[in-house]
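Chemist: Here it is, the structure in full.
The values are calculated or read from the model by the stated rules, or taken from the named source; none is laboratory data. Bear in mind that the values here come from a model prediction, so they are computed numbers and not experimental data. All Cβ positions, glycine included, derive from the backbone under ideal geometry; neighbour counts span all protein chains shown.
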Amino acid sequence: MRPVRVRTVAAAVAGLALLSGCGSAGGLESTGEAPSAVGPARLWPDLPPASAAPYDYGEGETARIPGITVPGDDVHRLDPVTVAQAGLKARTKRDSGLDELPDATVRQIRDCRTAPGDCPVLTPYYFDLTGDGRDELVIGVRLPERQLAVRAYRADEGVLTRIMSTVDAVISVELAGRDLVLRAPSVISGYEYRTAWSWDDRQQAMLATRDEILRVPERRGERTAPTPTAPAPEGSRPAPSETPTA
């Protein structure tokens, strides 16, 4: 990017040199008044503002995981299956119900030791999501209908706390900086949802700080070719005119 920036500056200097020769006094000529900035306009200003959310989406919910001790606050030393099993008994301060798993998935998690082939707990990942220099534990749990539960855990003074819990039919889960980004399909063809979860120090939890619907760029070779037009039958073509026109 630096060469482009240098060329841009050089072009600007050259432009100023040319403009310095214009005008009666040898200075720059005004192109008129700059347009005024347009700020946001509030609609229905007399409408009383809402003071409470109509639904509890589970944002900011955390839960202490019972029966788990983290030596040295090192989550790498934890077994993800044990964490998932202990998490079934965890209770949040607010009971939104969004952290609950289907009964069939709960049974599979409990049977992970005896039926590992059906265990829905995926390979764990470790990232520093909070910026305190220590890794957090990120676990994925497969759910029916190709949905995925994503949960993040933080260790502090030997206590393990679930700081994030969400469920979606995801295209992928990605790490961007210290944010977890979930990509989910949209019912609109060619679009997808992207939700970024970020650590909030005040809430001591991961919050969905950005949720947007974006158009998916077409990949090379995936563009749909136009439907070819079939040639008209021989008998349907108009006969040439006997009298030529000028």
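Quick grid of which residues meet (1) surrounded by 14 or more Cβ atoms within 10 Å (Cβ to Cβ); (2) at pLDDT below 95:
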{"site": "TYR57", "(1), (2)": "no, yes"}
{"site": "GLY60", "(1), (2)": "yes, yes"}
{"site": "ASP79", "(1), (2)": "no, no"}
{"site": "GLN85", "(1), (2)": "yes, no"}
{"site": "THR92", "(1), (2)": "yes, yes"}
{"site": "ASP95", "(1), (2)": "no, yes"}
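Chemist: Do you know which residues across the range 127-148 are in contact with a helix residue (DSSP H, G or I) (Cβ under 8 Å, 6 or more places away or on another chain) and either of a type in the set (Phe, Trp, Tyr) or closer than 19 Å to ARG64 by Cα (or both)?
Modeler: Within the range 127-148, ARG134, ASP135, GLU136, LEU137, ILE139, VAL141 meet the criteria.
Chemist: Taking VAL173 as meeting all but one of (1) under 14 Å from GLN85 (Cβ atoms); (2) without any contact (Cβ under 8 Å) to a residue 40 or more places away in the chain; (3) assigned to a strand (DSSP E or B), write down the number of the exception.
Modeler: Failing condition for VAL173: (1).
Chemist: Moving on to the next point. Please go through the range 140-189 and give me each residue that is surrounded by fewer than 13 Cβ atoms within 10 Å (Cβ to Cβ) and closer than 24 Å to ASP79 by Cβ, ordered by number.
Modeler: Within the range 140-189, GLU157, GLY158, LEU175 meet the criteria.
Chemist: At least 3 residues that are small (Gly, Ala, Ser) in each: list the strands (runs of 3 or more DSSP E) lying fully within the range 66-157 that qualify.
Modeler: Working: elements: 125-127, 136-143, 147-156.
Qualifying strands (runs of 3 or more DSSP E): 147-156.
Chemist: Any idea which of (1) touching a Lys or Arg at 6+ places or on another chain (Cβ under 6 Å); (2) modelled with pLDDT under 95; (3) not aromatic (Phe, Trp, Tyr) is the one ARG183 doesn't satisfy?
Modeler: Among (1) touching a Lys or Arg at 6+ places or on another chain (Cβ under 6 Å); (2) modelled with pLDDT under 95; (3) not aromatic (Phe, Trp, Tyr), ARG183 violates only (2).
Chemist: Among the residues of the range 54-65, write down those that are assigned to a loop (DSSP other than H, G, I, E, B) and either under 30 Å from LEU137 (Cα atoms) or more than 29 Å from the chain's Cα centre (by Cα) (or both).
Modeler: Start the filter on the range 54-65 by keeping residues that are assigned to a loop (DSSP other than H, G, I, E, B), which leaves 54-62.
Passing the criteria: TYR55, ASP56, TYR57, GLY58, GLU59, GLY60, GLU61, THR62.
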